[in-house]
Every structure is written in structure tokens, then in C-alpha cells.
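Enquirer: This is the structure I want to talk about, given as C-alpha cells.
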Amino acid sequence: MKSITPAYWIFGTAAAVLAVPFVAMQFTDEVQWTGVDFLVMGTLLFITALTITGVWKQVQVPGKRFFFIALVLMVFLLIWAELAVGIFGTPFAGN
């Protein structure tokens, strides 16, 4: 039996995260995403998943691998929070 590589899990998780607002839009009017929202979030998730996959393949030391993946996820969360609510007040936050 062939094992599933981490890339499948990483990109599958990114796709599942992107599916959450799409499914929520079917049940409530509280979530109102446009095509641009899905495009921006999909791009952000794809770049994050691609970076994590690269770190997974390039860094062999488990401690360093964990550190770099945690760093990538922290940058992702900061960008996501800025785009969502504008915590830093940058021009691209929509404020």
C-alpha cells in the first residue's frame, strides 16, 4: 500500500479551509464572500501550502522543520487577520 505524502495532507487541508466559507454561505447570510475573496484566500492558502511543502522537503532536522513551519503559519495568520479585520491598518486591509 502506498502511503500518502505530506503534500496531499497540506494541500487537502488548504482546500478544506477554503471550502468552509463556501459551505457557510449556503446556510447563512452572515457570510458574504465574492469571487475576489475566494481568489485572494485561495492564493494565500496555495502559497502557504506550497511553502510548507517546500520546508517539509528541504529541512530534515525535526526541530528546525517545526520552527520554520510554525513561522510560515504565523505569517499566514497575520496576513489573514490583516485582510479580515485590519489589525495593523495597512491600505490593503480594506479600511
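Any read-out appearing in this document is the output of simple, stated calculations on the displayed coordinates, not a laboratory observation. Computed from a predicted model, the values in this text were never measured in an experiment. So basically every Cβ, Gly included, is an ideal-geometry build from the backbone, and we count neighbours across all protein chains shown.
Enquirer: Given a Förster radius of 22 Å and the C-beta distance between ALA81 and ASP29 as r, what FRET efficiency does 1/(1 + (r/R0)^6) yield to the nearest 0.05?
Expert: Once the sixth-power term is evaluated, E becomes 0.40.
Enquirer: Of ILE87, LEU44, PRO6, whose Cα points farthest to the positive end of the dipole of the chain (charges on the beta-carbon: +1 Lys, Arg; -1 Asp, Glu; origin at the Cα centre)?
Expert: Going by the Cα projections, it comes out as PRO6.
Enquirer: Continuing with this model, one more query. Angle between the Cα long axis of helix 62-85 and the longest principal axis of the chain, 0 to 90 degrees, nearest 10?
Expert: Compared with the principal axis, the helix lies near 10 degrees.
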